[in-house]
Amino acid sequence: MKKSLGFLLRLVVSLAALGGLIYLLRGKLDEALLIISKGLQWPWFLAAIVAYFVALAFISWRLKLIFHVQKVKVSFPQTFYLSLLGLFFTLFFPSAMGGDVAKGYFAYQYSGKKLGSLTAVILDRLLGFVTIVLFAVLIFAGYSHTIETPFIKRSLYGAVALLIFGIFFFAHKGFAQKFRVFLSLIPRAEWRQNISDLYHAIRNLQHHPKILWGALALSIAAQVVFFTDGFFLARSLGIGISLWPFFILMPLIAFVSMAPSLSGLGVREAGFVFFFKPFMSEEKAFALSLVYDFIFYGSAFFGGLVFAFKGGLRKGVIHDLEHAGELQEVGHD
C-alpha cells in the first residue's frame, strides 16, 4: 500500500509539472519542436554526446576511488557499467529500486562487500552534491549582478546553507551529537546501526586526504564537462548564450529534478523553461530540455541494453533489486 501511494505521488507530481508546462507553452510547443527538427546542428550535438560520456567516465573514476577507501574491489570498466546501470534504474524503474540501490547492489555482487558498497555509492553522491553547490556559488559570486530572478538567488542560498550544515555535521562530532535524538525515532536497531556506520564511514574520509582530494578533482572535472555539455546542446540548436549561466542553472535544475516524480519527468523540463527563461525564449528553453532528455534517456537506455544482453533482466535479478529497494538497507559484511 505504501509503495503504491509513493508511486501515485510521483505520478501526480510529474503529471502536474507536465500539465503546467503545456499550459505555459500553449501555442509554442510546435515552435519548440520546429527548432529541433529544422535547426539541429549535428557537429555540436555529437560533441554534446561525447562530452556526456566523458563526464560519466570522470564520475565512474571518482566512485572507484571511494570504493577503494571502503575496501570494495571493483574495476574501472565495472564501475563505468555501474554508472550506466544507475541511470537506467533511475529513469526506467521509478520506484524504491532507484539508481543508487542498483549501483550498491551490483557492486556488492562484484565485491561481496554489502555495507561498503552502498556506503561508497552514498559518499559518491554527497561529493557530487558538494561540487555542484561550490560551482554554483563561485559563478554566482562573479555574475550575481546579472541575475534578476529572486528564486534563483534564494535557491543558491538554501543550497549553501545545506552545504555548510553538512560540513559541520561530519567534521565536528560534537555538533553531530546534538542531532542524535533524531536517531532514536528510527524504529529498527539495525537501521540505526547502519546509519551510524555510514556517518563514521563519511568521517573516515578525513584519514584519506589524497583520495579525498583526488575524488574532488575528478568531481570538478566531471561537472565542468557536464555543464559544458549543456552549452554544446544550446549551440546545437543555434541558441547564442554564453557558457557561465550553465554553471549556475544546471545545478538548480538538478536540485529541482530530485523532487518526488517519475525520475524527474516533467519537473526537469519545467526547470529548464523556468531557469533559462531570463536568457532565452521559453520555446528555446523547452527545446533545450528535449535534446538534453534525448541524451539523458538515451544513455540510460544504452545501459539497459547492456544490462539485458548480460542477462540482467532475469526475474530473479529484478526481484532481488526490488527487495533491496524496499528494505533501503544493507546488512553487515
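Read the figures in this text as sums done on the coordinates, not as results from a lab. These figures come from a predicted structure and were not determined experimentally. Please note: Cβ atoms are built from the backbone with ideal geometry, for glycine as well, and neighbour counts cover all protein chains shown.
Summing Lys and Arg as +1 and Asp and Glu as -1 over all other residues whose Cβ lies under 13 Å from the Cβ of Ala215 gives a net charge of +3. Here r is the Cβ-Cβ distance between Leu305 and Gln109 and R0 is 22 Å; the resulting FRET efficiency, rounded to 0.05, is 0.70.
Each label was represented as a point 7 Å from its Cα along the Cα-to-Cβ direction; for Leu40 and Ala217 these points are 3.8 nm apart. Within the same chain, lysines fewer than 8 places from Lys310 are excluded, and of the rest, those with a Cα less than 17 Å from its Cα are Lys103.
Could you tell me whether region 233-309 comes out rounded, prolate or oblate from its Cα gyration tensor? Rule is a ≥ b ≥ c as square roots of the eigenvalues, rounded for a/c under 1.5, then prolate if a/b exceeds b/c, otherwise oblate. Judged from the Cα gyration tensor, region 233-309 comes out prolate (a/c at least 1.5, a/b above b/c). The gain in end-to-end length when the His208 to Arg180 segment is fully stretched comes to 7.5 nm, 0.36 nm per residue minus the alpha carbon separation. Under 17 Å from a label point 7 Å along Cα→Cβ of Ala16: give me every residue in region 254-292 with its amide N that close. Hits in region 254-292 for Ala16 at 17 Å: 256-271.
Taking a ≥ b ≥ c as the square roots of the Cα gyration tensor eigenvalues, region 24-70 comes out oblate, since a/c reaches at least 1.5 and a/b does not exceed b/c.
Among the trypsin sites (Lys or Arg not before Pro) in region 186-257, those located in a DSSP loop and surrounded by at most 16 other Cβ atoms within 10 Å of their own Cβ are Arg188. Descending by average beta-carbon neighbour count within 10 Å, the peptides 9-18, 170-179 line up as 9-18, 170-179, the highest first.
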